[in-house]
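Working notes for the structure below.
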Amino acid sequence: MKNNTLTLSEAHKIYTGNGMGMYALKLSIGGILMYSASVFFFFIVILMSEGSVSEATKELSGTGFINTFLTIDAGIILTITGFMNYDKQLPGGKYFRTVTGGFDTYRKMKNASLIARVISLILILTFGAAFDLAGIFKLAYGTSDIIYIGAFLLISIGEVNYVSRIRNPAVMGFTTPLIIIATGLLGVILPNVFEGNICIALAVALIAVPFIIISQKSMLKNYEKNKWN
């Protein structure tokens with residue numbers, strides 16, 4: 001198969017064994033399960049204290065805990081995928097430099113991974129919003145909370161692209177989760193500062209889109225120059 005016939009999903013499958021859609025689905029399911037487990041565990045803890053399901057639900061609703069769980073669990077998914085590199089010195093690194101298309105196939109794989117991460121983030125946050133819309137656990141500012149979290153987690157994707165320039169694996173590994181969680185938590189804090197003003201969240205989301213595109217191109221250019229060959 002010639003490289004110019006490879007789709008993004010096919011390039012992703014060469015590297016990971018999963019097409020882009022399946023990868024996004026797995027990430028989404030993983031994030032949703034982690035979020036559900038976090039909320040359920042904390043609900044049980046409160047229930048043991050309150051002794052009533054309705055009181056425990058009321059206690060958990062409208063607090064920052066729900067938003068924080070959603071941010072951290074979605075952030076964990078982004079952290080895991082942010083570590084997906086194929087440096088030459090790593091196992092299989094030399095092999096992947098011989099696959100059809102060379103670096104162009106790697107570029108397609110990374111772009112497919114980016115798209116899958118954004119899709120999975122949207123699906124995880126949509127699941128989080130469903131808790132509020134169904135009235136199970138109400139968010140303080142409803143859908144605005146979800147948009148705030150999503151907007152800042154999108155920003156973190158672009159930030160991690162620049163963090164990936166760090167050559168020391170230990171430093172990069174330490175910095176990546178800190179960047180993602182710290183940036184994501186701004187989406188938890190700022191709705192309270194701006195009283196859920198959705199315009200602020202939408203503005204951050206609009207900034208995040210070109211920021212991700214620019215950072216992705218910069219990351220790939222730097223990787224080809226300093227880490228591929």
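Rule-based calculations on the coordinates, nothing more; no lab input. Computed from a predicted model, the values in this text were never measured in an experiment. Backbone-built Cβ (ideal geometry, glycine too); neighbour counts: all protein chains shown.
How do the helices (runs of 4 or more DSSP H) wholly within the stretch 31-121 filter down when requiring 3 or more residues that are out of contact with any helix residue (DSSP H, G or I) (no Cβ under 7 Å at 6 or more places or on another chain): which remain?
The helices (runs of 4 or more DSSP H) meeting that bar are 53-60, 93-96.
Please give the number of the condition Ser218 fails out of (1) under 25 Å from Phe43 (Cα atoms); (2) in contact with a Phe, Trp or Tyr (Cβ under 9 Å, 6 or more places away or on another chain); (3) in a helix (DSSP H, G or I).
Only one criterion in (1) under 25 Å from Phe43 (Cα atoms); (2) in contact with a Phe, Trp or Tyr (Cβ under 9 Å, 6 or more places away or on another chain); (3) in a helix (DSSP H, G or I) is unmet by Ser218, namely (1).
Against the definition (within 14 Å of the chain's Cα centre (by Cα), surrounded by 15 or more Cβ atoms within 10 Å (Cβ to Cβ) and among the hydrophobic types (A, V, I, L, M, F, W, C)), how does Leu139 come out, yes or no?
Details: within 14 Å of the chain's Cα centre (by Cα): no; surrounded by 15 or more Cβ atoms within 10 Å (Cβ to Cβ): yes; among the hydrophobic types (A, V, I, L, M, F, W, C): yes.
It is false that Leu139 is within 14 Å of the chain's Cα centre (by Cα), surrounded by 15 or more Cβ atoms within 10 Å (Cβ to Cβ) and among the hydrophobic types (A, V, I, L, M, F, W, C).
Quick check on the stretch 40-86: of everything there that is among the small types (Gly, Ala, Ser) and touching a residue at least 40 places away in the same chain (Cβ under 8 Å), which residue is farthest from Phe131 (Cα to Cα)?
Gly82
Would you please name the residue that is farthest from Ala129 (Cα to Cα), looking only at residues in the stretch 1-39 that are basic (Lys, Arg) and touching a Gly at 6+ places or on another chain (Cβ under 9 Å)?
Restricting to residues being basic (Lys, Arg) and touching a Gly at 6+ places or on another chain (Cβ under 9 Å), the top hit is Lys2.
Which of the residues that make up the stretch 172-209 are outside any helix (DSSP H, G or I) and of a type in the set (Gly, Ala, Ser)?
Selection gives Gly196 alone.
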